[in-house]
1. Identify, by number, the condition in (1) closer than 23 Å to Ser145 by Cα; (2) surrounded by 10 or more Cβ atoms within 10 Å (Cβ to Cβ); (3) free of Cβ contacts under 8 Å to residues at least 24 places away in the same chain that Thr69 doesn't meet.
2. Would you check if Ser144 is farther than 21 Å from Gly74 by Cβ and of a type in the set (Ser, Thr, Tyr)?
3. I'd like to know if segment 154-169 contains one or more residues that are closer than 23 Å to Gly50 by Cβ and in a loop (DSSP other than H, G, I, E, B).
4. Which members of segment 116-154 meet the condition of being over 25 Å from Met41 (Cα atoms) and buried (at least 18 other Cβ atoms within 10 Å of the Cβ)?
5. What residue, among those in segment 41-56 that are farther than 14 Å from Thr141 by Cβ and surrounded by 16 or more Cβ atoms within 10 Å (Cβ to Cβ), is nearest to the chain's Cα centre (by Cα)?
6. Name the pairs: first residue in segment 108-123 and at negative phi, second residue of a type in the set (D, E, K, R) and surrounded by 14 or more Cβ atoms within 10 Å (Cβ to Cβ), Cβ to Cβ under 6 Å, at least 6 apart or on different chains?
7. Could you figure out which of (1) touching a His at 6+ places or on another chain (Cβ under 9 Å); (2) assigned to a helix (DSSP H, G or I) isn't true of Ala83?
8. Quick one: in segment 22-39, which of the residues that are exposed (fewer than 10 other Cβ atoms within 10 Å of the Cβ) and farther than 30 Å from Thr69 by Cα is farthest from the chain's Cα centre (by Cα)?
Amino acid sequence: MIAAILSMTVLGAALGVLLGVANKFLKVEGNPVVEELTAMMPGSNCGQCGFPGCSGAASAIVDGSAPVTCCPPGGKALATAIAARLGITVDLSAMADDGPKIAMVAEELCIGCCRCSKVCPTDAIIGAAKQIHNVFREACTGCSSCIEKCPTEALSMKPVPVTLQHWVMPRPATA
């Protein structure tokens, strides 16, 4: 018994050291600009941009194969920030930005089919089979991937409701 424990401990330690050395010498350096853009993006990996996640979209933007306006959840604010980081100009006149939105469930229409919760990338939809579902507001990123999957059209995108915790004083009007 002691021999087995001792041999497994030595084997684990040797493999751990080997992995540490391999990590140091075989490390692949990434593009720091791609990493910065990935950090700026929402991080929900919703796929609305047509790329496999936010890191794929950031790589495509840096390569020039995608416009800086490719992230719908990020809106105009993200497109402006990415353009400023890359030092390019961007035309935002064609981009519609209604502000942040989240999914809302019409409880009278929900049949509890769970199709919406299966496609939600952030697990923001709460509910079980044959139960009314609801959306966890803080987890919803507004990707709207659940809207197409709902057979009863119980889900819709609504502007983020103003609460005491989320209220921001509007800027004064200039005369």
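Rule-based calculations on the coordinates, nothing more; no lab input. These numbers were taken from a predicted model, which means no experiment stands behind them. Neighbour counts are summed over all protein chains in view; Cβ atoms, including those assigned to glycine, are modelled from backbone coordinates with ideal geometry.
1. (3)
2. No: the conditions fail for Ser144.
3. No, there is no match, as no residue in segment 154-169 is closer than 23 Å to Gly50 by Cβ and in a loop (DSSP other than H, G, I, E, B).
4. To start, the set of residues in segment 116-154 that are over 25 Å from Met41 (Cα atoms) comprises 127-134, 150-154.
Listed by number, the residues that qualify are His133, Cys150, Ala154.
5. At the first step, the residues of segment 41-56 found to be farther than 14 Å from Thr141 by Cβ are 50-52, 55-56.
From what's left, surrounded by 16 or more Cβ atoms within 10 Å (Cβ to Cβ): 51, 55-56.
Details: Phe51: 12, Ser55: 10, Gly56: 12 Å.
Here the answer is Ser55.
6. These pairs meet every condition: Arg115/Lys149; Cys116/Lys149; Val119/Lys149.
7. Single failed check for Ala83: (1).
8. Initial filter on segment 22-39 (exposed (fewer than 10 other Cβ atoms within 10 Å of the Cβ)): 23-29, 32.
The next check asks that each one be farther than 30 Å from Thr69 by Cα; those that pass are 23-27.
Values: Asn23: 28, Lys24: 30, Phe25: 32, Leu26: 29, Lys27: 26 Å.
Among those residues, the one meeting the criterion is Phe25.
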